[in-house]
Amino acid sequence: MSPDNPPRVVFAVIPVGALDGAKSRLGAVLDAEERHDLALRLADATIRSAVATPGIAETLVITPDDTVRAVAMAAGARPVLQRSRGLNAGLREARAEALAGGATAMLILPTDLPRVSPAALGVLLETLGDGDGAGPLVALVPDRHGRGTNALLLAPPDVIDVCFGGDSHAAHAAAAADAGARFIDLGGPLTYDLDTPDDLLLDQTQTRETVGG
């Protein structure tokens with residue numbers, strides 16, 4: 001790496017809402033305590049994966065939840081108290097923290113990804129190329145339906161505004177085009193999320209198949 005083309009400084013940003021009432025769309029198959037425990041396990045796994053990923057300088061966990069903040073600290077991440085309401089507003093708060101900390105790239109990770117791992121996150125970071133000279137970048141992992149956004153890498157962190165919700169895959173792609181940024185669409189294990197009973201059934205089925213060989 002030449003001195004004129006330093007490596008990016010990547011901050012991971014993990015938004016976690018209040019655990020009470022989390023995963024309400026799984027209410028048909030899991031009771032409130034089970035949904036709470038699932039949300040907490042997924043958050044913990046996501047945070048620990050980000051902290052353990054080479055190339056991530058710091059992991060910020062933006063949340064209004066005291067339990068999640070404690071989990072973040074135990075995992076080696078920095079909790080940030082969310083003062084605004086809503087996912088996108090919270091991500092803007094976290095982006096301001098990342099920029100203040102010197103971040104030149106930001107990896108946004110929701111916490112409903114059962115197959116998150118340092119290896120999967122490393123594949124995303126590889127899209128950054130050789131550093132700042134590679135130019136502005138938006139790299140995205142969609143959900144398995146191709147509509148949502150399961151992971152979003154932005155370089156610089158404010159290259160586009162975040163627009164999670166609804167058809168966010170298309171919205172983020174359009175924002176990248178408007179910004180003149182490279183847009184990279186990735187697949188892999190992060191396309192699987194746990195949001196609906198069908199998602200849960202698919203994950204359980206594929207886990208059994210993997211264990212069974």
Query - Overall form of region 51-104 per C-alpha gyration tensor (a/c, 1.5; a/b vs b/c) - result: oblate
Report task. Mind listing the long-range amide H neighbours of Val61? Cut-off is under 5 Å, sequence gap 5 or more, other chains count too, H placed in the peptide plane at 1.01 Å from N. Result -> Ile14, Arg78, Val80
Report task. Enumerate the amide H contacts of Gly101 below 5 Å, restricted to partners 5 or more residues apart or on another chain; note that Pro and chain-start residues carry no placed amide H. Result -> none
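Readers should treat all values here as calculations from the given coordinates under stated rules, not as data from a laboratory. This structure is a prediction, so every number in the text was calculated from the model and none was measured.
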